[in-house]
Amino acid sequence: MRVATVFFVAFLVIASSRGDDSSPPKLPSDAQTSLEKNASLFSNVLITGEIHRRLLAPVETVLKKFDTTESKADFTKTLHFELRFQGPLFRESTKHPTGKSYTHDLLHEISFDGTQYRIGYKELKSLSNSSISIYTPSIATEYGKLHDRANSLARMEFWYLRETGFSGPKTLASLGQPVVSTILNAEDHQKIVSVSEVASGSETFLEVIIEQPEPWQSAETFDIETHPPFVELLNGTDILQMRMERERRQLAGKDRVIRFWLNSAHGYAVEEKWELRKETGETMFHTKNSDFVQVTPDGVWMPKRCVVESHAYYTAPLFISPDPLYETVIQMDQCEPGDFDEDQFRIWYDTPGAEVTDWTSPKATLKKAERYSVPASLDDLTGKSSGLVRWLVILNILFIAGWVGWWYSQSRKKRSED
């Protein structure tokens, strides 16, 4: 493995030294067509599955190396996920079991319906304790700027997409953009390093190497030691977040190199993937995909299983272990075209008592949203609404009463004439 890594670093040096003497690498036309077709799957699709980690080293070693406050149970818990996509619209739902991070079984949801961006926390055993926050992308962006938290509200995970060669929205600014092929997106930005054929055993793959900005970097400039969102944290989490932010800033301007092996027999689906830190050539993640199934009649293939050998973890942005410390296993259960209503991209919880924080309300400001609870009845609604709403209800009742009285008097008059 070390020999391969040294060779790969040398290859990158040679490739990057060619300068302007050579034109950007080109994808074969059939690969280009297949990747475009594969990305079109997300114009309307439902994907479900589960994700969990398994340790490849003693738990004490893993947690210490990554300096995380998580317990073993939290680090290795099984999460169930559901993804819905309809062009730029999406909804990601992740079920978390009870643990240190979440004190109750909880469904964490994020959605974008084309206009509003919603974040939901649904407590599965106590639905009335659920909560929803409602933003527009621009309001969420301005809120982040005001509170020195540029993308703190962009909480999309999209694990399965990332390992299968697709990119969804990563930031608030990219909300409204559809899922794209990671390789085609790199080609559009002239970030493809090389394209070639490679042999592995009896098979031949199309190898595509690209560069991407380091996703763990931070361009923030706030004072870390006095930043309120950090200072207010408890149980050592404040120290963790401050250290992570300091390390992320050291990655500003850095790149990752991603190496893909595409299988032409499966519509150029991603068979293997490596992520490396460009400056050192160190492997951070190595993905092997398997159990491919054809999910559309026109030949789009997707893996049912993704296994990611991991040398790094987000809580220690600068650290990379020479040997993998854990594996992330993603098992896809369902991937099929969907037929969705717009309401399915608009998170809402009907249980009375669920808390709504609405930043899009005319009454809201960037410092204070309108907050209310889902009402149990009309009485609750009018009691918490403005006087105007209350008078409208009263006037409707008076109108109905007047109409009934008129109808009764007309009926008596008609009978007397008969």
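For the pair region 227-301 and region 81-95, the centres of their Cα atoms are 19 angstrom apart. Output the pairs from K125/K288; K72/K288; K26/K77; K37/K170; K170/K278 with a Cα-Cα distance over 30 Å in this structure; if there are none, say none. Over 30 Å apart, Cα to Cα: K125/K288; K26/K77. Shown in residue order for region 221-227 are the 3J(HN,Hα) couplings computed by the Karplus curve 6.51 cos²θ - 1.76 cosθ + 1.60 at θ = phi - 60°: 10, 5, 6, 5, 5, 10, 5 Hz (x for Gly and Pro). Across region 193-307, Cα pairs under 8 Å and at least six residues apart give a relative contact order of 20 percent.
Of the peptides 127-133, 361-367, the order by per-residue mean of other Cβ atoms within 10 Å, starting with the highest, comes out as 127-133, 361-367. Across region 185-282, Cα-Cα pairs farther apart than 16 Å form 66% of the total. Scalar couplings 3J(HN,Hα) for region 316-332, obtained by applying the Karplus form with A = 6.51, B = -1.76, C = 1.60 to θ = phi - 60°, are 10, x, 8, 8, 9, 7, x, 10, x, 9, 7, 10, 10, 10, 10, 10, 7 Hz; x denotes Gly and Pro.
For region 234-362, the equivalent ellipsoid derived from the Cα gyration tensor has semi-axes of 31, 31, 14 Å, listed largest first. Amide hydrogen proximity for S194: with H placed 1.01 Å from N in the peptide plane, the residues at 5 or more positions away or on another chain lying under 5 Å are I209. Legend: residues T61, T98, T328, sorted from most to least accessible area (1.4 Å probe; ligands, DNA and RNA excluded), read T98, T61, T328.
The values are calculated or read from the model by the stated rules, or taken from the named source; none is laboratory data. Not measured: the values here are computed from a predicted model. Heads up, the Cβs are rebuilt from the backbone with ideal geometry, glycines too, and the neighbour counts pull from every protein chain shown. What goes into the accessible areas is simple: the full protein's heavy atoms, side chains included, and nothing from ligands, DNA or RNA. Shrake-Rupley method; radii C 1.70, N 1.55, O 1.52, S 1.80 Å.
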